[in-house]
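**Student:** Quick one: the structure is below, questions incoming.
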Amino acid sequence: MKKEIKQMLLLELGILLLVLILFMVWKLNIIRLIPPCFLYKTFGILCPACGGTRCVTNFMLGNFQESFFYHPIFFMTIVYLIIVNFIYLLNVITKKEIAVNLYPKAKFWIFFSVILVVFFLVRNIT
């Protein structure tokens with residue numbers, strides 16, 4: 001496994017653990033700590049991340065359907081990151097390289113960015 005992929009997956013795992021710990025400590029009060037969206041407040045348009053906090057919060061509460069409807073792209077990304085990090089941990093524990101083709105590469109991030117821009121445009125046009 002490449003060093004960059006290991007570092008990125010460890011960072012993602014750390015972020016996921018941090019979010020989980022913050023959620024356990026503050027439960028739903030974490031939403032109050034996040035400032036309102038600048039784009040929505042100023043221009044009245046939804047930014048690509050609008051609904052992301054509610055998506056993550058509902059995901060952590062187990063409300064997967066609500067989580068998906070708040071932000072489908074965030075929902076799918078959370079599921080993907082959980083799967084990839086589980087595979088990474090499995091590979092570290094077993095010292096094998098199982099399903100390493102699922103690890104994110106540059107093409108993934110380009111595809112993700114394009115989908116997010118399309119989602120942003122469709123969301124604000126309709």
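**Student:** Kindly indicate whether Phe86 is surrounded by 13 or more Cβ atoms within 10 Å (Cβ to Cβ) and free of Cβ contacts under 8 Å to residues at least 40 places away in the same chain.
**Tutor:** no
**Student:** Can I ask one more? Just to be sure I understand, how many residues within segment 71-85 are farther than 16 Å from Pro48 by Cα and under 10 Å from the mean Cα position of the chain (by Cα)? Walk me through how you get there before you give the answer.
**Tutor:** Our first condition is that a residue be farther than 16 Å from Pro48 by Cα; within segment 71-85, this holds for 79-85.
Of the ones still in play, those that are also under 10 Å from the mean Cα position of the chain (by Cα) are 79-82.
Matching residues across segment 71-85 total 4.
**Student:** So how many residues does segment 57-80 have that are loosely packed, with under 15 Cβ neighbours inside 10 Å, more than 22 Å from Leu13 (Cβ to Cβ) and among the hydrophobic types (A, V, I, L, M, F, W, C)?
**Tutor:** 1
**Student:** Does any residue of segment 62-76 turn out to be on the phi < 0 side of the Ramachandran plot, at pLDDT below 85 and either assigned to a helix (DSSP H, G or I) or in contact with a strand residue (DSSP E or B) (Cβ under 8 Å, 6 or more places away or on another chain) (or both)?
**Tutor:** no
**Student:** Kindly indicate the residue of segment 5-42 that is loosely packed, with under 12 Cβ neighbours inside 10 Å and at pLDDT below 75 and also farthest from Tyr88 (Cα to Cα) among those meeting that condition.
**Tutor:** Arg32
**Student:** Would you call Arg54 among the basic types (Lys, Arg), within 16 Å of Val19 (Cβ to Cβ), outside any loop (DSSP other than H, G, I, E, B) and out of contact with any Pro (no Cβ under 6 Å at 6 or more places or on another chain)?
**Tutor:** Working: among the basic types (Lys, Arg): yes; within 16 Å of Val19 (Cβ to Cβ): yes; outside any loop (DSSP other than H, G, I, E, B): yes; out of contact with any Pro (no Cβ under 6 Å at 6 or more places or on another chain): yes.
In short, yes.
**Student:** Among the residues of segment 91-126, write down those that are modelled with pLDDT under 85 and among the hydrophobic types (A, V, I, L, M, F, W, C).
**Tutor:** Across segment 91-126, the qualifying residues are Val92, Ile93, Ile98, Ala99, Val100, Leu102, Ala106, Phe108, Trp109.
The values are calculated or read from the model by the stated rules, or taken from the named source; none is laboratory data. Note that the structure is a prediction, hence the values are computed from the model and not measured. Cβ sites come from the backbone with ideal geometry, for glycine too, and all protein chains shown count toward neighbours.
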